[in-house]
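The values are calculated or read from the model by the stated rules, or taken from the named source; none is laboratory data. Here the structure is a predicted model, which means the values were calculated and not measured. When we count neighbours, we look across all protein chains shown, and the Cβ atoms used for this are built from the backbone with ideal geometry, even at glycine. In case anyone asks, the SASA skips ligands and DNA or RNA and just uses the protein heavy atoms, side chains included. Shrake-Rupley method; radii C 1.70, N 1.55, O 1.52, S 1.80 Å.
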Amino acid sequence: MTGPERVRELIDQCWEAPRGGTQVALAEEAIAQADAIGDDELRFQARMAATEAYYRAGAPAQCFAVFSWCLARYDERPDQYAEAEPLLLWHFKYQVHLLPRFPEVPLERAYAVLEEMQRRYQQGGHSLQPVHKLRWLVAAHLGDEAAAGYHYELWQSASRDDNSDCDGCDPTAMVQHLGCLGRDEDAIELTGPVLEGRLTCAEQPQEILTALLLPFLRTGRPDEARRAHLRAYRRLRQHPAKLGSIAEHVRYLAHSGDVARGLDVVERHLPWLEDAPSPAAEMEFAAAAALLLRLLAGTGHGDLTVRGSRRTVAVLADELAARATGLAARFDARNGTGAQAARVAALLQAEPVVEPTPPAAGWRSPRPRIPAETVPDPLADVPGDADLDTLLGLVEEALRRDLEPRVEALWLRIRPLSETGPLTALQHGRLADLAGMRLHSEAAEETERVWTEALEWYVQAGDLVRQHRIRGRLGLHRCRQGMVEAGLAEVQATTDYLLVHGDARDAAGALRRLAVALLHAQEPAEALDVLDRAAVMVEPDPGPRVRLQVMLLRAQALGADGRVHDAADAARALVAQAIADDEPELLGLGEFFLGQGLTMLDDPAGAIRAYDRALAQVLPEPLEREVRERRAILLAGTPRAAEAVDDLAAMVERLVDEDDPEDGDDTDHIRFHLAVALFNAAQSEEAAEAAEEALSGADLAGNQHLADQARHLLAAVHQRLGDPDRALSYLDQLAANLDGFDNAAARARVLEQAGELLFDLDRDGQSAARLGAAAAAYAVARLPLEEVRALRRQCVAAMFADDAELARTVLARADEAARAVPPGLAAEPEAGYELAWLALDGARALAGIGEPEAALARLTGVAQRFEELESFGEALLAELTRGEVLVAVGRAEAAEPVLRGVVNGLPRDSATLPRAAYALAQVLLLTGQDDEARRLAGEYGFELD
């Protein structure tokens, strides 16, 4: 590849790279190589790409420098760079957008850029709409309300063109402006057409939904605000560059009173503050988090320790408020106003729209806070003049005992000593060994290189024990990278050597490495044998963390060996010991493995509790994500489904981003779980969307079982959405798919569900047909009680369809099926309940087709049968039916006491009570008790015949 070709490749990679350090590095390398070649076209194109990279990375000075360079070259040779003019005009906007984000951007520069931008737009015949919008942005940032209003009107009156922001981003800014003026209804109204269309911008619809959060809340639309929050936050939560937008979600959660969820969001994104995309985003998040924490403290949780922080809710609220206030002062110093300080102060002291809901008792178990001043110095016992060899010995011992704070503190002492004076081969090896230990979990290739270098130094130094240690580490590292066969052989060989030639520490460490390697090789029984060997070795004080790690390995190995009960017990022992040793990370790991074991033992409630306890600890990000994902799958079908939505949505995004064809089926399963969670969280429209995606993917993959699960869910979703015909179409397709003897029971349940739906829609003939098919399928599946149930429901449907002949025929079949129920099953309460219902529904059907005497005979003793089963509501319903039938056969006097008993026995809020009162009133009219009949009619709101 020639030099110019390499530069073009770098430029292309820069445009395609994700925002951040990688994109900037590519841009800078392209500029350096283009400058070295001296190719003016490539120098220009590299800096155009760099303008984009620096803007996205939040580097205002560098962005302005390369933009100015490109603008000057364009002015020198406009014909040569004519194709770049549209992008140059667009890049003008970047320079102004940086002003409210970075206090170091000079205000005068922004005004100068705006003047030059307006001149060039007018000269080229372009609309000034983007210029007016940017002037509004600057005025709003400065707190100049009059100027902001003036430029807003100019912006709205100007025509849009290719330089305008997209159809979603422009209204987002308009919502922000109107919201600041208290014009929430106007803000919501203007977004309707936008949200109903298709927004193709990568920033949408999450940004416009975020802007609508508080307007929705302030105008009494809490459900719409909640849906907007969930939909938008799912798209934002994985992107550190969106910290400013996430701050608006924290603010919404504070104002909506959901401080418990708000704390979860704050804790998730609090680490991003240290590398915030801009001072403005840092200020916004700090202020919103401070507000939420203040409100949470007001519910009595001020002493709770914030995860990922050594500070309580109350203390961190004060610190973040001071941080936001300090940043606002930096902006105001540049601007010469007090607008940002005033805005932040108002935000910090804002009263919520909805009073905070105190979290439920036991919501979190607070862990004792360790004040920063009481944290022991990890190097208190290390002399200040310790030499390199002494420090290397201490750090190796700290690594063996997994004392991370001490390792990092020693490394800071070691680095300057390692850079001065000549080093021996052994010192070189030990330093390389240490470097690999510090980075091996993050950079596989670099770890391999560094440890190989360490091995070469140890060979040169002639230290055989260290050679075998590092070879063992390399072997285990290769196991972790998928090279299991070669890695395990290396670990086994080095273990054999160290058991003979190493000391007790070497031997114990080698056995632990071998156990892990065997787990990677899927040989858990052998791993357990190795752990048993290690347990009887006398190792000088390995430290609590190492002992806990061995307990963790044992729990893993037991689970992998299929000994699930033993694995759960081992995880419980690990949890108990971790609590005793005050090791929160290993406590979290123990709870994680306990959750896995309980899931395998079919105890989802216990698993959820274990995962909850794990998440109460500070976990490494990958582990926290896995715990959240596993918990979310279990929560999807529970009353806590709303808590699962974000984690499942993020899991879908992750699987899609990883773009592994082998994970396609996993993605569709998680989409289905997301749809279940959304359905149970009363987000039916979103549930339909997720379920349709799961169905499409499952159909393409040929996974009929998952596809049919999605169809079943979609039927329930569309029934809730008020689209019964679509729900029926899914049920019919599902019933057709569930063919064959093995699927008879499932097919019957689907057909029965369809029959019930049709019955509720008063499509009684169709209902009877579906219920008859369900009964036939239950018969094939040899489920007699279910067959009886489907037949009695078919009988009632046939009666309402005015098909008396079918009703009689089906009732006879139902009675025959009831007589065929095996005696053992017939004696069960479940059977007694179903057979009592057959007597009752059979009577209703006979009365409905004009055979009241037969109906009356059938009702004898039915109420008592229900009462014996403690089904008192059903007993009253049976008596109500008997009273109505007595009236139908002309026995009003006999019906009166029956119906009075029903009216007096039913709860006042019973939906059946008006029907019973009406029946009694008719009897009273027949028996000359007109006044009481009229009283009942007035009390229950019906008219007398």
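Given the criterion aliphatic (A, V, I, L, M), touching a Lys or Arg at 6+ places or on another chain (Cβ under 8 Å) and at pLDDT 90 or above, identify the matching residue among 486, 454.
Only one candidate qualifies: 486.
Is there any pair with a first residue in region 120-145 that is under 28 Å from residue 340 (Cα atoms) and of a type in the set (Asp, Glu) and a second that is part of a loop (DSSP other than H, G, I, E, B) and open to solvent by 20 Å² or more (accessible area, probe 1.4 Å) whose Cβ atoms are under 9 Å apart and which are 6 or more apart or on different chains, and what are they?
144/337; 145/181
Of everything in region 289-312, what is among the aliphatic types (A, V, I, L, M) and over 15 Å from residue 356 (Cα atoms)? Give them in sequence order.
Result: 304, 306.
For region 797-904, please list each of the helices (runs of 4 or more DSSP H) lying entirely inside it that holds at least 1 residues being closer than 28 Å to residue 917 by Cβ and open to solvent by 40 Å² or more (accessible area, probe 1.4 Å).
The qualifying helices (runs of 4 or more DSSP H) are 829-848, 852-858, 862-868, 872-888.
Quick check on my filter: what residues within region 15-50 are closer than 20 Å to residue 240 by Cα, open to solvent by 70 Å² or more (accessible area, probe 1.4 Å) and among the hydrophobic types (A, V, I, L, M, F, W, C)?
15
Of the conditions (1) more than 23 Å from residue 746 (Cβ to Cβ); (2) in contact with a Phe, Trp or Tyr (Cβ under 8 Å, 6 or more places away or on another chain); (3) charged (D, E, K, R); (4) open to solvent by 30 Å² or more (accessible area, probe 1.4 Å), residue 764 clears all except one; give me its number.
Failed condition: (4).
Tell me, yes or no, whether region 281-301 has at least one residue that is more than 25 Å from residue 185 (Cα to Cα), touching a residue at least 40 places away in the same chain (Cβ under 8 Å) and basic (Lys, Arg).
Yes, that holds for at least one residue.
How many residues does region 698-712 hold that are surrounded by fewer than 22 Cβ atoms within 10 Å (Cβ to Cβ) and in a helix (DSSP H, G or I)?
Adding up the residues that qualify gives 9.
All but one of (1) hydrophobic (A, V, I, L, M, F, W, C); (2) within 28 Å of residue 144 (Cβ to Cβ); (3) open to solvent by less than 20 Å² (accessible area, probe 1.4 Å) hold for residue 306; which doesn't?
Tallying (1) hydrophobic (A, V, I, L, M, F, W, C); (2) within 28 Å of residue 144 (Cβ to Cβ); (3) open to solvent by less than 20 Å² (accessible area, probe 1.4 Å), residue 306 fails exactly one: (2).
Would you please list the contacts, defined by Cβ atoms under 6 Å and residues six or more apart or on different chains, that run from a residue in region 632-657 that is open to solvent by 50 Å² or more (accessible area, probe 1.4 Å) to a residue that is not charged (D, E, K, R)?
633/673; 637/676; 643/635
Please work out which one of (1) closer than 21 Å to residue 251 by Cβ; (2) open to solvent by less than 40 Å² (accessible area, probe 1.4 Å); (3) modelled with pLDDT of 90 or more is the condition residue 187 fails and give its number.
Against the list (1) closer than 21 Å to residue 251 by Cβ; (2) open to solvent by less than 40 Å² (accessible area, probe 1.4 Å); (3) modelled with pLDDT of 90 or more, residue 187 comes up short only on (3).
What number goes with the only condition from (1) free of Cβ contacts under 8 Å to residues at least 40 places away in the same chain; (2) in a helix (DSSP H, G or I) that residue 44 does not pass?
Exception for residue 44: condition (1).
If you scan region 713-729, which residues turn out to be in a loop (DSSP other than H, G, I, E, B) and either touching a residue at least 24 places away in the same chain (Cβ under 8 Å) or basic (Lys, Arg) (or both)?
721, the sole residue that qualifies.
Does region 929-941 contain any residue that is closer than 30 Å to residue 808 by Cβ, surrounded by 13 or more Cβ atoms within 10 Å (Cβ to Cβ) and hydroxyl-bearing (Ser, Thr, Tyr)?
No - not one qualifying residue is present in region 929-941.
Would you be able to tell me the number of residues in region 409-428 that are among the polar types (S, T, N, Q) and surrounded by 15 or more Cβ atoms within 10 Å (Cβ to Cβ)? Give the derivation first.
Step one: filter region 409-428 for residues among the polar types (S, T, N, Q), giving 418, 420, 424, 427.
With the extra rule that they be surrounded by 15 or more Cβ atoms within 10 Å (Cβ to Cβ), the set shrinks to 418, 427.
Of the residues in that region, 2 qualify.
Based on this model, can you work out whether residue 624 counts as modelled with pLDDT of 85 or more, open to solvent by 30 Å² or more (accessible area, probe 1.4 Å), under 16 Å from residue 678 (Cα atoms) and part of a helix (DSSP H, G or I)?
Judged against the criteria, residue 624 is not a match.
Answer yes or no as to whether residue 432 is part of a helix (DSSP H, G or I), modelled with pLDDT under 90 and either open to solvent by 50 Å² or more (accessible area, probe 1.4 Å) or in contact with a Phe, Trp or Tyr (Cβ under 8 Å, 6 or more places away or on another chain) (or both).
yes
Is it fair to say residue 688 is in contact with a helix residue (DSSP H, G or I) (Cβ under 8 Å, 6 or more places away or on another chain), part of a helix (DSSP H, G or I) and either surrounded by fewer than 24 Cβ atoms within 10 Å (Cβ to Cβ) or of a type in the set (S, T, N, Q) (or both)?
Answer is yes for this residue.
Which one of 739, 732 is within 22 Å of residue 775 (Cβ to Cβ), modelled with pLDDT under 90 and either open to solvent by 30 Å² or more (accessible area, probe 1.4 Å) or in a helix (DSSP H, G or I) (or both)?
Answer to the selection: 739.
Which residues, counting only those in region 453-506, are of a type in the set (Val, Ile, Thr) and under 41 Å from the mean Cα position of the chain (by Cα)? Explain how you work it out, then say what you get.
Within region 453-506, the subset of a type in the set (Val, Ile, Thr) is 459, 465, 470, 484, 491, 494-495, 500.
470, 484, 491 - these are the residues of region 453-506 that are of a type in the set (Val, Ile, Thr) and under 41 Å from the mean Cα position of the chain (by Cα).
Any idea which of 101, 160 is part of a loop (DSSP other than H, G, I, E, B) and touching a residue at least 60 places away in the same chain (Cβ under 8 Å)?
Unique residue meeting the criteria: 101.
Determine if region 315-327 includes at least one residue that is crowded, with 18+ Cβ neighbours inside 10 Å, without any contact (Cβ under 8 Å) to a residue 60 or more places away in the chain, over 24 Å from residue 617 (Cα atoms) and of a type in the set (Lys, Arg).
Yes, region 315-327 contains a residue that is crowded, with 18+ Cβ neighbours inside 10 Å, without any contact (Cβ under 8 Å) to a residue 60 or more places away in the chain, over 24 Å from residue 617 (Cα atoms) and of a type in the set (Lys, Arg).
Just one of the numbered conditions (1) within 51 Å of the chain's Cα centre (by Cα); (2) of a type in the set (Lys, Arg); (3) within 30 Å of residue 766 (Cβ to Cβ) is not true of residue 858; which one?
Residue 858 satisfies every listed condition except (1).
Look through region 348-382, keep the residues that are more than 30 Å from residue 612 (Cα to Cα) and open to solvent by less than 70 Å² (accessible area, probe 1.4 Å), and return whichever of them is modelled with the lowest pLDDT.
Ranking the qualifying residues of region 348-382, first place goes to 378.
Could you check region 906-926 and list, in sequence order, the residues that are open to solvent by less than 50 Å² (accessible area, probe 1.4 Å), touching a residue at least 24 places away in the same chain (Cβ under 8 Å) and under 18 Å from residue 894 (Cβ atoms)?
Passing the criteria: 916, 919, 920, 922, 923, 924.
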